[in-house]
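A short reminder: the numbers here are calculations on the coordinates, not readings from a lab. Keep in mind the model is a prediction, meaning the values are calculated, not measured. All Cβ positions, even for glycine, are placed from backbone atoms using ideal geometry, and neighbour counts span all protein chains on display.
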Amino acid sequence: MTINFNIHQAVSLTTTNQPKAPIAPQQQVADAKKEVEPEAEAIAAFTGEAQKSSPYSALLNPEGFDFSNMSINEFKGIVDAVRKLESDTQRASGNTESLRGAFWGDVMDVKGSLEGINFQNRGFSSSDKIDITAFFELGVKEAQQMRKEHPRSFSKVVGYAQSALSTVEKLTSESFIKEYQAKAVEFLKSQDTPLIKTQA
């Protein structure tokens, strides 16, 4: 299913205490449209073996990942797996300090933005296939427009949106997915959890 976005349907990438975003000018709608690429190929297919009960199973997908044709629900599963793995490995290493300033904090910000989506106002559901990166790119464009119209109220919004987009671009890269697949395998082995055998 192809989903078209427009500026006022883009995701809000601000924190929950930010002012409500106004509707952007209609002339910007055409520039913000983005269609799912139907012929895009999946990346980083996991070639090892893992039980479905693994807390990181969303990362260990034998079918790979097509972030240009993925639902918000699917992406949230990946974000949660990364967040869980990052937290578990840090705690297992003896780190008892807050992870807020680390990459874990960036991932939590993305998780928060996903949980704050009002699908009724966005024109699609959490199970519809969309282009994940394009969704966050539109959030940046929306934030820039809000800052132009209300510079005092939305002075920090662009920074939040750009930070979220930067994290999403990292999360959706093939090198990152493969790195965290290997990290998940090694961590499970170190915990003597027989969920993973080997990755070819």
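Here the calculated FRET efficiency for K111 and K148, from their Cβ-Cβ distance with R0 = 25 Å, stands at 0.30, rounded to the nearest 0.05.
If the chain linking E41 and K189 were pulled fully straight, counting 0.36 nm for each residue of separation and taking away their Cα-Cα distance, it would gain 50.2 nm.
Of the three principal axes defined by the Cα atoms of region 54-190, the extents in descending order read 53, 35, 25 Å. Say the cut-off is 18 Å between C-alpha atoms; which of K76/K170; K141/K178; K111/K148; K111/K189 go over it? In this structure, K141/K178; K111/K148; K111/K189 lie more than 18 Å apart at Cα. Our coupling estimate for region 91-105, obtained by passing each phi through the Karplus curve with A = 6.51, B = -1.76, C = 1.60 and θ = phi - 60°, is 5, 5, 7, x, 6, 10, 7, 5, 8, 4, x, 9, 4, 3, x Hz, Gly and Pro reported as x. Annotation: peptides 114-120, 161-167, 138-144, 93-99, ranked by per-residue average of other Cβ atoms within 10 Å with the highest first, follow the order 138-144, 161-167, 114-120, 93-99. What does the charge count near E174 come to, summing +1 for each Lys or Arg and -1 for each Asp or Glu among other residues with Cβ under 13 Å from its Cβ? That works out to -2. Positive contributions from Lys and Arg (+1) and negative ones from Asp and Glu (-1), summed over other residues with Cβ under 15 Å from the Cβ of S98, come out at -1. Work out the FRET efficiency for A182 and S127 from their Cβ-Cβ distance, taking R0 = 30 Å, and round it to the nearest 0.05. For R0 = 30 Å, the calculated efficiency reads 0.50.
With 0.36 nm allotted per residue and the present C-alpha distance subtracted, the S175-E97 stretch has 25.3 nm of extension available.
Per residue, the convex hull spanned by the Cα atoms of region 74-149 amounts to 107 cubic angstrom.
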